[in-house]
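Notes to accompany the following structure.
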Amino acid sequence: MGASRPLEKPDRVEVRRPGFCNRCGTAIPNDAPLVGTPLIKQQRELVEKPTEVVQREYWECNCPLCGHRNRAVPASGEDQCLGPRLQAVAVFMNGVCHTSISKIASFFTEVFDTPVSRATLWGIRPKVAESLQYSTACVYQEVRVAPVKGMDETGWKHAGKREYLWTIATEAAAFYAILPTRSRQAAVALLGKDPVGLTMTDGYAVYDFIPEDQHGRCAAHLKRDFENLAESTVAERAEFGTRGLAILASLFLVVQQAKAGLLSAWQLWEALQPVKQRMGKLLTRGEFGTDPFLQGFSMRFRKKWKSWFLFPENGLDATNNSSERALRPGVLWRWISMGTRSEEGLSFVMRMMTAAETAKRRGRRLMPFLTHLLRCYHCGITSPPLSITTYPPGGGGT
């Protein structure tokens, strides 16, 4: 292993002795005493048979009182051909790695030497979706009332129809919902009529119900608007766009310096004042210019001026990148699986993505959490009060 990796507790130790002297070539006997300190190298390896087959025999016994013959009854979950850990592996490969069910079956056969049918693997998904109900609700309650969050949406295909994958993301959690519409009604249903805290969006009109003093708009999307203007064949628009890009370059430079710890909160606010003044002058020029398009653009920008510069005083990022990054796994899943076809599949996607991304943002392992959920399910606890937001980071070593 590399020098930067900490040593782990070994499962097996192999001692290597020098066979001959590097200076004179004399053979060194095997019983020569060891001196100094050893050079340690650790290597992980997949064991030849990574799974074990547990055979449980349920015998019969006669009652000592009445003589009735009784057979031992299998405990909950003992009738499953795959144990909780192997089921968790299948769910992880499908829900996080986006591997198809047929390829998971091939992987189990080739790597684990465990032949399994696709029907068995498909049957695990509804169990996990049902078990994640409580955890998903906990994440939703956390992100909805978070003081700072981002929100975004992208297309999704369900049962042959176009729907939309929404996310509400914070630094420590991300909630996902697939809704049939991209309208303001969907955004209100997720955030509530009276949103709590500050929300960063891409500036899409459906988010305009959020009060301006709580609504931050993404500067990266504003940059795209100025880039489109800079590429215009109309000279006045091209000059306007070029000036806007130069101003935004100054803004992003100041934000990067603040993220690097080179500027305090007060210094960030102070450094942004010239940027805001230059942008204000550019908008005034557009409002009183001769181009109707630039007049409308500048007036819309001016109307939402406060939300474009809300981030310095309130801990918001200047962009909506956090929630856009949260949507990338969903986009990849959509490309690979072509969406969902059933309500069970819809629930699995939403809840699995919520658990996976929240675990990632919290720096926690997802496998122990999934294993614990499946163990609870086998014991008859189909919706355990267990949340990824409170599950121990190490997962109890399961």
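The values are calculated or read from the model by the stated rules, or taken from the named source; none is laboratory data. Predicted model, so just to flag it, every value in this text is computed and none were measured. Cβ placement follows ideal geometry from the backbone for every residue including glycine, while neighbour counts extend to all protein chains displayed.
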Q) Is there any pair linking a residue in the range 35-62 that is closer than 30 Å to GLU78 by Cα to one that is among the basic types (Lys, Arg) and at pLDDT 85 or above, with Cβ under 6 Å and at least six apart or on different chains, and which? A) TYR58/ARG71; GLU60/ARG69; GLU60/ARG71; ASN62/ARG69
Q.
If a residue must be within 15 Å of SER387 (Cβ to Cβ) and among the hydroxyl-bearing types (Ser, Thr, Tyr), how many such residues does the range 336-365 contain?
A. 2
Q. What pairs come up if the first residue lies in the range 167-188 and is farther than 24 Å from THR358 by Cα and in contact (Cβ under 8 Å) with a residue 24 or more places away in the chain, the second is basic (Lys, Arg) and in a loop (DSSP other than H, G, I, E, B), and their beta carbons are under 9 Å apart, counting only those six or more places apart or on different chains?
A. none
Q | Flag for LEU262 being among the aliphatic types (A, V, I, L, M) and not in a helix (DSSP H, G or I) | A | yes
(Q) What's the number of the only condition in (1) surrounded by 15 or more Cβ atoms within 10 Å (Cβ to Cβ); (2) at pLDDT 90 or above; (3) assigned to a loop (DSSP other than H, G, I, E, B) that PHE175 fails to meet? (A) (3)
Q: Could you run through the range 259-273 and say how many residues are without any contact (Cβ under 8 Å) to a residue 24 or more places away in the chain, closer than 20 Å to LEU222 by Cα and surrounded by 13 or more Cβ atoms within 10 Å (Cβ to Cβ)?
A: 1
Q. For the range 172-198, which residues satisfy the criterion of being in contact with a strand residue (DSSP E or B) (Cβ under 8 Å, 6 or more places away or on another chain) and farther than 23 Å from TRP335 by Cα?
A. ALA186, ALA187, ALA189, LEU190, LEU191, GLY197, LEU198
Q: Specify which of the listed residues (GLY261, GLY241, GLY203) is at positive phi and either modelled with pLDDT of 90 or more or not assigned by TED's automatic domain parsing to the domain that holds GLU142 (or both).
A: GLY261
(Q) Filter the range 274-308 down to the residues that are assigned to a helix (DSSP H, G or I), among the polar types (S, T, N, Q) and surrounded by fewer than 18 Cβ atoms within 10 Å (Cβ to Cβ) and list them by number. (A) GLN277, THR284, GLN295
Q) Listed residues VAL145, VAL139; which is surrounded by fewer than 14 Cβ atoms within 10 Å (Cβ to Cβ), under 20 Å from the mean Cα position of the chain (by Cα) and either in contact (Cβ under 8 Å) with a residue 60 or more places away in the chain or over 17 Å from SER342 (Cβ atoms) (or both)? A) VAL145
**Q.** Odd one out for THR99 among (1) part of a helix (DSSP H, G or I); (2) hydroxyl-bearing (Ser, Thr, Tyr); (3) within 26 Å of the chain's Cα centre (by Cα)
**A.** (1)
Q: Could you list all residues from the range 58-96 that are among the small types (Gly, Ala, Ser), surrounded by fewer than 16 Cβ atoms within 10 Å (Cβ to Cβ) and within 35 Å of the chain's Cα centre (by Cα)?
A: SER76
Q: Name the one entry in ILE124, ILE168 that is buried (at least 19 other Cβ atoms within 10 Å of the Cβ), outside any loop (DSSP other than H, G, I, E, B) and outside the structural domain of ARG341 (by TED's automatic domain parsing).
A: ILE124
Q: Within the range 211-245, work out how many residues are free of Cβ contacts under 8 Å to residues at least 24 places away in the same chain and either in contact with a helix residue (DSSP H, G or I) (Cβ under 6 Å, 6 or more places away or on another chain) or outside any helix (DSSP H, G or I) (or both).
A: 10
(Q) Just checking, does the range 316-325 include any residue being within 30 Å of GLY160 (Cα to Cα), within 21 Å of the chain's Cα centre (by Cα) and not polar (S, T, N, Q)? (A) yes
